[in-house]
Each structure stands twice: as structure tokens, then as C-alpha cells.
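Have a look at the structure below before the remarks.
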Amino acid sequence: MNLSVNDAAQLLSVSQKSIYRWIKQGTLPAYKISGCYRFSRTELLEWATSQRRGELVNVSLPQDTELLPLPSISSALESGGVFYRIEGRTREEVLTDAVNHLRLTEDVDRGALLEFLRAREELASTAIGHGVAIPHPRNPNLLNAQRAKITLCFLDQPVDFFSFDGQLVKVLLLVIAPDLRSHLHLISRLGFVLQDPEFRKTLDNEENREKIFAALAKAEGKLKA
């Protein structure tokens, strides 16, 4: 949380007036410390990526950082899996049951992951409207995950995730990534494919895995590599 309003404006290529407007609207993650707004670079990049739907915001990496191939939504979902009838009547209860269903390696702590997800929801809801939420840790590097995973969870009953549109959430797309670059990439591409009517229909109807993956492949095929 070491960025000022001016730093945030430069990072997002907007005016300071826009930054203050988004803070007032409650959409931009910000912290007020000693009367001044401060920002986390990771959270700003994550927010910007989700807003730009399909465009990957440039992430500055050290020169010696090895750039591994970025995962597709389909491959991440194949790794994470699809689960039905996730139980719970509150946001915390469904997150707990969802984490219990995750396909995690032994080096990923489920308890820590759940705490990270709770902390992210306390900062700002991950609900994106129309009954969908994308829970994820604020800092993916803390999990030591070895590969990207998206886990699709259909809830047993709609739950209030405090979405901006007031709708209860019925679908979770839980994102786990090995690094920030992959994390932003997946959230960005999710923002795009969730606009695809055919793919959204499979989620609304809680279709079987075969239909979901087929619709996802078509939707993701419309994205530039």
C-alpha cells in the first residue's frame, strides 16, 4: 500500500479526478491512512484488468524473470474442475465448502487459502454482477501454487455476496494462480468469456461439464492469443 493518488493515476493512465471518482463510487480498492489515500499496486492492476475485459494490463517484471506460457481458461478449468451443489447460506459458508472441494496439492494450505479469500471479500466483493463471483486471493504468490486453476462451483442456493447490482450469487469461479502475471491474465480472460451469451447460458442452466467446456472453448476462441 505504498502508492499515492498520483501514482495510481499514472499506473492506470487516467486523471486524479477519475481516481477520486472511483473511490467515491466504492469500486476502486483504496486505503485511507493518516488522511491520505494509499493503494496496492497488485490490487490496482487486478482491478484494471477486470474492468478492461480481455485486455491484459502490462505488468512490470524484473528483467531476469522467466516468462512462462500463460494458461488458457479451458486448461485452468480442466485443472480446477466443476462442482455442483456447493452448500452454505452465507458467503463465508459457501467459500468454506468450495475450498473443501478444491483439487489442491499438499503444498497449498487450505486454511490459509480460505483466510486469503475472506480477506479479499472484506476488501471488496468479488461479485461481478448477474449472479457470478470470482473469489481469489489478493496476492497469488502467497499460496505457492504450482499451476493455474479455475474451479467452477454451482451453489446449492443463491447467496448474498454484496454485489453492486444487488443480485444474489449462484456461480463461483474461484481463481488460483502461481504468479501475478497468470492471475491477471486469467481474470482478464474471464471478464471476456463471461460476456459470451452461449457460455453464460451454460452457467445459468447449470449444464453438464461437456456442454460447459464446449461453450467455453468457443468463447475463448474469440480471444486473441
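The values are calculated or read from the model by the stated rules, or taken from the named source; none is laboratory data. Since this is a predicted model, take the numbers as computed values, not measurements. All Cβ positions, glycine included, derive from the backbone under ideal geometry; neighbour counts span all protein chains shown.
Would you please name the residue that is farthest from Ala30 (Cα to Cα), looking only at residues in the range 140-163 that are free of Cβ contacts under 8 Å to residues at least 60 places away in the same chain and in a loop (DSSP other than H, G, I, E, B)? If you could, list the steps in order and put the result at the bottom.
Of the residues in the range 140-163, the ones free of Cβ contacts under 8 Å to residues at least 60 places away in the same chain are 140-146, 158, 163.
Restricting the remaining residues to those that are in a loop (DSSP other than H, G, I, E, B) gives 144-146, 163.
Working: Asn144: 26, Ala145: 27, Gln146: 30, Ser163: 18 Å.
Here the answer is Gln146.
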Worksheet entry | Selection within the range 164-186 - over 29 Å from Leu70 (Cα atoms) and without any contact (Cβ under 8 Å) to a residue 60 or more places away in the chain | Asp165, Gly166, Gln167, Leu168
Worksheet item: Is it the case that some residue within the range 142-162 is touching a helix residue (DSSP H, G or I) at 6+ places or on another chain (Cβ under 8 Å), at pLDDT below 90 and surrounded by 19 or more Cβ atoms within 10 Å (Cβ to Cβ)?
Response: no
Worksheet item: Restricting the search to the range 73-94, which residues are out of contact with any Lys or Arg (no Cβ under 7 Å at 6 or more places or on another chain) and either at pLDDT below 95 or not in a loop (DSSP other than H, G, I, E, B) (or both)?
Response: Ser74, Ser75, Leu77, Glu78, Phe83, Tyr84, Arg85, Ile86, Arg91, Glu93, Val94
Discussion item. Pull out all pairs, ordered by first then second residue, where Cβ-Cβ is under 8 Å, the residues are six or more apart or on different chains, the first lies in the range 108-129 and is farther than 13 Å from Leu142 by Cα and in the same structural domain as Thr90 (by TED's automatic domain parsing), and the second is among the hydrophobic types (A, V, I, L, M, F, W, C) and part of a helix (DSSP H, G or I).
Written reply: Arg118/Leu95; Glu121/Leu95
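If only one of Glu198, Glu122 is under 16 Å from Trp47 (Cα atoms), of a type outside the set (A, V, I, L, M, F, W, C) and surrounded by fewer than 14 Cβ atoms within 10 Å (Cβ to Cβ), which one is it? So that I can check it myself, show each step before the final result.
Details: Glu198 fails: under 16 Å from Trp47 (Cα atoms).
Just a single option satisfies the conditions, and that option is Glu122.
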Response to the item:
For Val171, the lone unmet condition from (1) part of a loop (DSSP other than H, G, I, E, B); (2) hydrophobic (A, V, I, L, M, F, W, C); (3) within 20 Å of Phe213 (Cβ to Cβ) is (1)
Discussion item. Condition first: touching a helix residue (DSSP H, G or I) at 6+ places or on another chain (Cβ under 9 Å) and surrounded by fewer than 21 Cβ atoms within 10 Å (Cβ to Cβ). Now tell me which residues in the range 89-98 satisfy that.
Written reply: Glu92, Thr96
Worksheet item: Scanning the range 184-209 for residues that are among the polar types (S, T, N, Q) and touching a helix residue (DSSP H, G or I) at 6+ places or on another chain (Cβ under 7 Å), which turns out farthest from Leu223 (Cα to Cα)?
Response: Thr202
Fill in: Odd one out for Leu172, checked against (1) at pLDDT below 95; (2) crowded, with 17+ Cβ neighbours inside 10 Å
(1)
Worksheet item: Taking the condition assigned to a loop (DSSP other than H, G, I, E, B) and either in contact with a Phe, Trp or Tyr (Cβ under 7 Å, 6 or more places away or on another chain) or within 25 Å of Trp22 (Cα to Cα) (or both), does Pro137 pass?
Response: yes
Worksheet item: Out of the residues in the range 17-40 that are part of a strand (DSSP E or B) and touching a residue at least 12 places away in the same chain (Cβ under 8 Å), which is nearest to Glu121 (Cα to Cα)?
Response: Tyr31
